[in-house]
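For reference, the structure is listed below as structure tokens.
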């Protein structure tokens, strides 16, 4: 099972804070107020960010980004195709390769294992 954790859960706490409105005390929210992140570039309150779309699963933690069953898009309505390569898992280090052109999956298997484990919790 994939956890649905990400920016959409941060909307309510962020909007409430921006509107100077208190959230109901009898509710438990998973989200955080990310207004400081948006306004002043403060660090994210999340250790990692997860998302899924159209069969793709992605995890970003620090400079590492892992995508499973990734697709590329050419901007047209039907312009998606599966990433090519040896398998459906693509690992990149965004600080070293912001264009995500080199798959580091084989070079850093421990990072792949950690990120996949985090995504499947």
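Computed quantities for the displayed model
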quantity: Filter pass, residue 93 being in contact with a strand residue (DSSP E or B) (Cβ under 8 Å, 6 or more places away or on another chain) and at pLDDT 95 or above; calculated: yes
quantity: Unique match (being more than 30 Å from residue 15 (Cβ to Cβ), more than 18 Å from the chain's Cα centre (by Cα) and either modelled with pLDDT under 75 or not in a strand (DSSP E or B) (or both)) among 28, 84, 72; calculated: 84
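The values are calculated or read from the model by the stated rules, or taken from the named source; none is laboratory data. Keep in mind the model is a prediction, meaning the values are calculated, not measured. Note that we place each Cβ from the backbone using ideal geometry, even for glycine, and neighbour counts take in every protein chain shown.
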